[in-house]
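Following: one structure in structure tokens, then a few remarks.
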Amino acid sequence: MRPVLRDDHEMFRDQVRRFIDREIVPNHAQWEHDGVVPKSLWQRAGREGLLCVTAPEAFGGGGGDYGHSAVLIEELARANATAVGFTTHSEIVSNYVVAYGTDEQKTRWLPPMINGDMIAVIAMTEPGMGSDLRAVRTTIRRDGDEYVINGSKTFITNGINSGMAVVVGKTDAAARELTLVCVEDGTPGFAKGKKLEKIGLKGQDTSELFFDNVRVPVTNRLGEEDKGFRYLSHQLAWERLIIGIRAAASIEALLEETIDYTRDRKVFGQTVFDYQNTRFTLAQAKAEATMLRAFVDECLGEVLRGELSSEKAAMAKLLGSEMQNRLLDEFLQLHGGYGFMSEYKIARAWVDARVARIYGGTSEIMKEIIARSL
Ligand SMILES: Cc1cc2nc3c(=O)[nH]c(=O)nc-3n(C[C@H](O)[C@H](O)[C@H](O)COP(=O)(O)OP(=O)(O)OC[C@H]3O[C@@H](n4cnc5c(N)ncnc54)[C@H](O)[C@@H]3O)c2cc1C
């Protein structure tokens, strides 16, 4: 029904739904308890062609497009499967390797990323910096045919499970320019810190990474030296749209959930749905969700055609995540005390949504980006 998606995207949706129902839904609560998803899930997803769906077929990838990516992101969001950190690996790191990697690098890293044997992460944020990427203090100093990496990273999604990290640093501590280097698990001096305790996304592992005189060959560099900021900026529009896509799908799923709940629940002899306040709240939410869907799909069409601007992607992230937080709070209120109970989907979704206004660039940074285009 959505003009931006084709039949093959919708067929892929059926396959994704089956996988989520079979492999993720029954185990999600346990992973939230453990704070980490087993690597075996990644391998099963890899076997079914659900990782790195846009990676080229020549390297074992699905050869799909952003429509297939969107379907995966939407279905994970609808199922509230927030423990599963496939998106960073498949939609962000994989894109860097495809866009800036040499053939040798693609041959080395893409097949294990696609089959789920190697989980790849992006390590930008440091204890002293997040929004201001150019303030990175990690150094990637050249020494003959090697780079020597020193620094520490934090808040890294899938850090504990990581098999390879794309590290953002500077060849010269005083410089403004950034360089990207890949560091594989097991490289001497590369250590993983503790699993960070979070208020939400409890099943997704988020950790610190440390680099103490880590030596990697210069052939581990992605793209050219000092071009890292440009590379990161190129991919950011899509990365921000991901958060808008997730917000739209989450709002739609939880609106349905809340309609069902309020139709069932009786208070003072009538259903919660029968109160005008409830119907007006849900009607307003439906109108806003429909507007968000139209805008996000327009952006998806633009990203498919290679036309999405950074301002428009920032709008999708800003309004999507802010709307998601506001509406999920209203949906939770309509659930009464049950909305505060973790076994209810709305309770977990409400907590998990909070970070959408922070990661991938905060709402304030999105406004800065939009303001620059005024
Ligand atoms: C669950 C989770 C997963 C993450 N995953 C990753 C990951 O995989 N890899 C990775 O590298 N990072 C990751 N991050 C880091 C994330 O991208 C940063 O937290 C985010 O960019 C904000 O940076 P910060 O936390 O340092 O906040 P700060 O930059 O310190 O911001 C603090 C406050 O200042 C405001 N502010 C900053 N600059 C301005 C400005 N110019 N104008 C107005 N206000 C401003 C911010 O909006 C915010 O309100 C993750 C974070 C979380 C919470």
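One equal scatterer on each Cα of the range 285-360, no solvent, Debye formula: the resulting log10 I(q)/I(0) at q = 0.13, 0.26, 0.28 Å⁻¹ is -0.47, -1.15, -1.22. At the listed q of 0.13, 0.14, 0.17 Å⁻¹, the Debye profile of the range 229-372, built from one uniform point per Cα, gives log10 I(q)/I(0) equal to -0.60, -0.67, -0.89. Each of His89, His28, His234 has some number of other Cβ atoms within 10 Å of its Cβ, and from fewest to most they run His234, His28, His89.
Other residues within the sphere of radius under 11 Å centred on the Cβ of Leu327, judged by their own Cβ, net out at -3 (K and R +1, D and E -1). Per residue, the convex hull spanned by the alpha carbons of the range 12-102 comes to 91 Å³.
For Lys106, Lys312, the sequence from fewest to most other C-beta atoms within 10 Å is Lys106, Lys312. Between helix 103-114 and the chain there is an angle of about 30 degrees, using the helix long axis and the longest principal axis of the Cα atoms. In this Cβ point-charge picture (+1 for Lys and Arg, -1 for Asp and Glu), the range 121-225 has a dipole of about 340 debye about its Cα centre. Measuring gaps between exposed loop sites in the chain (chymotrypsin sites (Phe, Trp or Tyr not before Pro); DSSP loop; at most 15 other Cβ atoms within 10 Å), the longest gap, sites not included, is 1-267.
Given +1 at the Cβ of Lys and Arg, -1 at the Cβ of Asp and Glu and no other charges, the dipole of the chain around its Cα centre is 580 debye to the nearest 20. Using alpha-carbon positions, what is the distance between the centroids of the range 116-184 and the range 23-69, in Å? Measuring centre to centre over Cα atoms gives 24 Å. Over the chain, the Kirkwood radius and the radius of gyration, each from Cα atoms, give a ratio Rg/Rh of 0.98.
Charge tally around Thr139: other residues with Cβ under 11 Å, Lys/Arg +1 each, Asp/Glu -1 each, net +3. Restricting the calculation to alpha carbons of the range 121-225 gives Rg and Dmax of 13.2, 45 angstrom. In this rough spin-label picture, where each label sits 7 Å from Cα along the Cβ direction, the Arg263-Ala191 distance is 5.7 nm.
Note on the range 41-173: percent of Cα-Cα distances in each 5 Å bin, starting at 0 and stopping at the bin with the largest distance, equals 2, 10, 18, 20, 19, 14, 10, 5, 1, 0. Considering only Tyr96, Ile149, Val272, the residue lying farthest towards the positive end of the dipole of the chain is Val272, judged by Cα position with unit charges set on Cβ. Taking amide hydrogens as placed 1.01 Å from N in the peptide plane, the amide H of Val214 sits under 5 Å from those of Ile149, each at least 5 positions away in sequence or on another chain. Between Gly159, Leu334, Phe86, the Cα set farthest toward the positive side of the dipole of the chain (charges on each charged residue's Cβ, about the Cα centre) is that of Leu334. DSSP beta bridges confined to the chain are antiparallel in about 85 percent of cases.
The numbers here are math on the coordinates, done by the rules we state, and not lab data. Being a predicted model, the structure only gives us computed values, none of them experimental. A quick note on method: Cβ atoms are made from the backbone with ideal geometry, for glycine too, and the neighbour counts reach across all protein chains shown.
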